[in-house]
Each structure stands twice: as C-alpha cells, then as structure tokens.
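Following: one structure in structure tokens, then a few remarks.
Readers should treat all values here as calculations from the given coordinates under stated rules, not as data from a laboratory. Not measured: the values here are computed from a predicted model. A quick note on method: Cβ atoms are made from the backbone with ideal geometry, for glycine too, and the neighbour counts reach across all protein chains shown.
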Amino acid sequence: MGDFNLTVILDAIRRADGGLSRVELSAAVGLAPQTVSNICRRLLDQGLIRETGKEGTGPGKPRTILQLNPAGMYAVGVHIDPAVTSFALLDVVGNVVLFSQLDTDVGIAPENFVAVMAAEVLRLVADSGVDPERVAGVGVATPGPVDAGAGLVVNPPHMPGWTRVALRDGLARGTGMPVVMDKDVTAAAVSEMWAGGANGAGSFVFLYIGTGLGAGLVFNDEVMRGSSGNSGEIGHIIADPAGPLCDCGRRGCLKVTCMPETLVAQAQDRGVLPVSDPAEPHSLHEQMAALAAAAHHGNDAAQDILDASARRVADAVSVLTNLLDVERVVFGGPFWPYLESTYLRIVPPLLQSLSVTTDVHAIAVTGASSGHDGGAIGAAALVLEGTLSPHAAKLLLAP
C-alpha cells in the first residue's frame with residue numbers, strides 16, 4: 001500500500017502543470033497530510049522530486065511547490081522498425097537527453113542484432129554522462145505479434161526470421177538492465193499518456209499508422225494490453241466490403257485498403273506515382289511523401305486515394321469508439337504526417353455522425369502531442385509508466 005500511495009503522489013505531481021504543494025497533494029489524492037508529508041520526504045531523499053520555490057499571497061505560510069526532478073530517473077527506449085531501429089534516453093519528465101538510429105539489419109541472425117542493440121544502449125548511456133544507477137531500465141517497442149509473458153517477438157511482418165525471438169531476455173543480458181517489452185502501438189499510446197498532457201489523459205484510442213495499422217487502447221488512464229499483450233490488432237476490421245481480397249479470406253480489411261503500402265500501390269495503379277524500378281527502389285516514406293505532395297498540389301486522383309482511406313479508417317475507428325466509449329482518438333506514427341491534413345478534415349465529422357454517444361459527448365480527433373513517431377520515446381515511457389504510475393495490481397498480495 002505504501003508503494004502504491006507513493007506512485008499516486010508521483011503521478012499527481014507529474015500531471016500538474018507547475019507542480020503542487022503538500023496541501024494541494026493531500027486534497028488531490030485523498031491522503032492524510034502527514035502521510036503525504038512522509039512520502040514527499042522519502043521522494044525528496046531519493047531525488048525523484050524537488051522543491052522549486054514558494055507561492056501564496058494571502059494570509060498564512062507560503063506553500064512550497066513540489067515538482068518531478070528531471071535528473072531523478074532516466075529510461076532508455078528502443079523502437080524496432082523493419083527499416084530503422086531508434087534509441088532514446090529520456091529523463092523522468094520526458095525530455096530526450098540523447099537519440100540515435102541504426103539501420104535494422106534483417107540480414108543477420110536476430111540474436112546478433114539484439115546484441116548490436118544492447119551495445120548501442122550501453123553506448124548511449126555512457127555518452128550521455130548520466131549516472132547508470134539512475135537509469136531505471138530499457139523499454140523496447142516492437143512490431144507485433146508478441147508473447148508478452150515470455151518476452152518474445154513472434155514472426156512480425158517484414159522481418160523474416162524473427163520467429164519467437166527472445167528479445168526481452170537478450171537485451172537484459174546484453175545491457176545488464178531490467179527490460180520491458182511491448183508492441184509499438186501500445187508504446188505510442190503510453191508515450192502520449194506520459195508526454196501528451198491533457199491529450200493523454202482519460203480514455204482514448206491511439207491510431208498508430210506505421211508500416212501497418214494498429215490501435216493503442218487507454219481506458220481511464222490504464223493501458224489495455226489484453227491477455228497476451230496483443231490488443232489493438234485492427235488490420236482485419238472490414239472497412240470496404242467490396243474491397244480487395246485479404247489474406248484472411250475476407251474482403252476490404254484495413255490491411256488491404258488503408259496501409260501505406262496499399263495506398264502507394266493504388267497511386268501507382270492510377271498513374272499518380274511511377275512504378276518503382278527494382279534496381280533503384282524508393283522507400284515507402286519517399287513514396288508516401290510524393291503521394292501527399294501530389295494531393296497538396298491539386299492531383300485529383302491522389303486526393304481521392306487519401307480521402308477514401310480517411311473514410312474507411314473513420315468507419316473502422318468508430319467500431320472502437322462505440323465499443324469503448326472513449327473521449328478522443330489520437331493519430332500518430334511515422335506515416336501520420338503524410339495523412340494529417342486529409343484525415344483531420346474528413347475523420348472528425350464522420351466519426352461524430354457514426355458515434356452512438358453524440359447526444360452525450362463529442363469525440364475529439366487530434367494528432368499526437370508527443371510527436372508524430374512515439375517510437376523510442378514511447379518505449380522509454382514504458383519503463384517510466386511501469387515504475388512510477390499507480391496500477392491497481394500493485395495492491396494485490398503475492399501468493
């Protein structure tokens with residue numbers, strides 16, 4: 001219970017713009033003033049919070065304001081993408097201390113690349129000058145599916161050979177640090193919770209647009225991971241019943257109508273983009289940027305492709321918003337910048353019309369406050385969220 005109360009106080013301080021006094025903390029979290037005072041002393045001694053001045057102009061003693069100490073704790077995040085693997089060292093308030101990237105080498109054995117990642121994590125910490133004892137651990141975000149309990153990556157698309165790879169334990173051995181692993185879409189949602197301010201509070205769906213499409217689900221400030229850590233797999237929600245055949249055997253799934261590579265293929269079929277030369281292939285980012293640029297400069301076919309994808313995504317997302325009764329939908333991920341202007345024009349009114357809660361509350365639609373690509377930042381936030389955020393499971397007694 002003591003540890004749970006500590007995380008409740010830390011979370012309240014973290015979420016308050018400008019910090020809180022001990023009196024304000026007691027009122028906010030419902031704990032006795034002496035309990036709050038004792039916990040704050042413990043947090044001050046540990047260097048996790050700091051006193052940042054006094055405020056108060058009325059009668060009585062000015063109140064001392066408490067804030068998180070940015071240097072009190074750090075976390076390393078690793079985001080594995082089929083093309084690029086990113087690394088970030090974050091302080092406890094979400095500032096990026098150091099960042100790096102490596103090409104994802106899918107041509108070598110997965111365990112060898114895990115060793116490369118571990119070496120880069122250690123280099124990042126050493127180059128930062130941060131006290132290694134202040135690094136709480138390593139978070140790693142990976143394409144799904146995953147076996148969260150065993151810490152395994154299970155045959156992700158576009159990463160041949162990565163079949164039941166012991167990613168969590170391999171990184172732990174290579175770095176000597178605790179490691180937590182999650183899907184990239186879940187990490188992106190956690191990043192929004194940690195760094196998105198009001199945008200990351202309450203209940204929301206994070207629609208992650210990467211090489212594939214996925215949803216991070218947050219309900220009442222708690223991430224919904226599912227029984228195996230694979231919640232949010234939305235690729236087979238049917239968005240166009242008359243659409244192309246999917247490998248699942250049905251027609252018009254999001255996977256075959258709205259993924260970036262699908263939009264590029266549609267643009268090539270309609271002459272908006274040239275068919276790539278196998279000898280000099282363009283990256284998916286280059287092709288999506290060209291598609292977005294064509295739409296921006298008045299190419300009707302390009303705009304029609306993006307508009308149709310926005311309508312289909314709105315239909316699919318409405319399934320989630322009606323099921324979960326969330327307050328907002330947040331879009332992000334590495335390919336979001338190419339779709340942002342079209343989606344923010346089309347999705348909000350469609351989602352409002354498809355919502356069963358229209359007479360109760362609106363559903364906000366926004367871009368990610370934590371950046372277009374949560375990536376490695378979201379992976380590091382997994383460590384901070386797991387360490388510092390209150391979770392009801394912490395109240396359960398071990399058997």
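Evaluate the charge dipole of region 268-390 about its Cα centre and quote only its size in Debye, nearest 20, assuming +1 on the Cβ of each Lys and Arg and -1 on the Cβ of each Asp and Glu.
The calculation lands at about 200 debye.
For the chain, set up a GNM with springs between Cα atoms under 10 Å and report which of 183, 54, 255 has the largest fluctuation.
Per the Cα network of the chain with a 10 Å cutoff, 54 tops the list.
Non-local amide H neighbours of residue 251 (under 5 Å, H modeled in plane, Pro and chain starts lacking H): which ones?
HN-HN under 5 Å from residue 251: 246.
Restricting to region 201-367, what percent of DSSP beta bridges are antiparallel, rounded to 5?
For region 201-367, the DSSP antiparallel bridge percentage is about 55.
Can you give the extra length, in nm with one decimal, that the chain gains between residue 283 and residue 296 once fully stretched, where that is 0.36 nm per residue apart less the Cα-Cα distance?
Full extension of this stretch gives 2.7 nm more.
For region 95-188, build the charge dipole from Cβ charges (+1 Lys, Arg; -1 Asp, Glu) around the Cα centre, then report which of 154, 130, 118 sits farthest towards its positive end.
Selected residue: 154.
How high is the relative contact order of the chain, in percent, counting Cα pairs under 8 Å that sit 6 or more residues apart?
Relative contact order comes out at 17 percent.
Dipole magnitude of region 72-162 about its Cα centre, charges +1 at Lys/Arg Cβ and -1 at Asp/Glu Cβ only, in debye to the nearest 20?
Rounded to the nearest 20 debye, it is 100 debye.
Charges on Cβ only, +1 for Lys and Arg, -1 for Asp and Glu, centred on the Cα centroid of the chain; of 194, 376, 266, which one is farthest towards the dipole's positive end?
194
So how far, in whole Å, is the C-alpha centre of region 24-47 from the one of region 185-244?
About 33 Å separates the Cα centre of region 24-47 from the one of region 185-244.
Compute the long axis of helix 2-15 from its Cα atoms, compare it with the longest principal axis of the Cα atoms of the chain, and write down the angle in degrees, 0 to 90, nearest 10.
Taking Cα atoms only, the helix is inclined about 60 degrees.
State the antiparallel share, in %, of DSSP beta bridges confined to the chain, rounding to the nearest 5.
Antiparallel bridges: around 65 percent, rounded to the nearest 5.
Can you compute the FRET efficiency between residue 361 and residue 319 using 1/(1 + (r/R0)^6), with r the Cβ-Cβ distance and R0 = 22 Å? Round to the nearest 0.05.
So the FRET efficiency works out to roughly 0.80.
In a Gaussian network model over the chain where Cα atoms closer than 10 Å are linked, find which of 160, 281, 33 has the largest mean-square fluctuation.
Ranking 160, 281, 33 by mean-square fluctuation puts 281 first.
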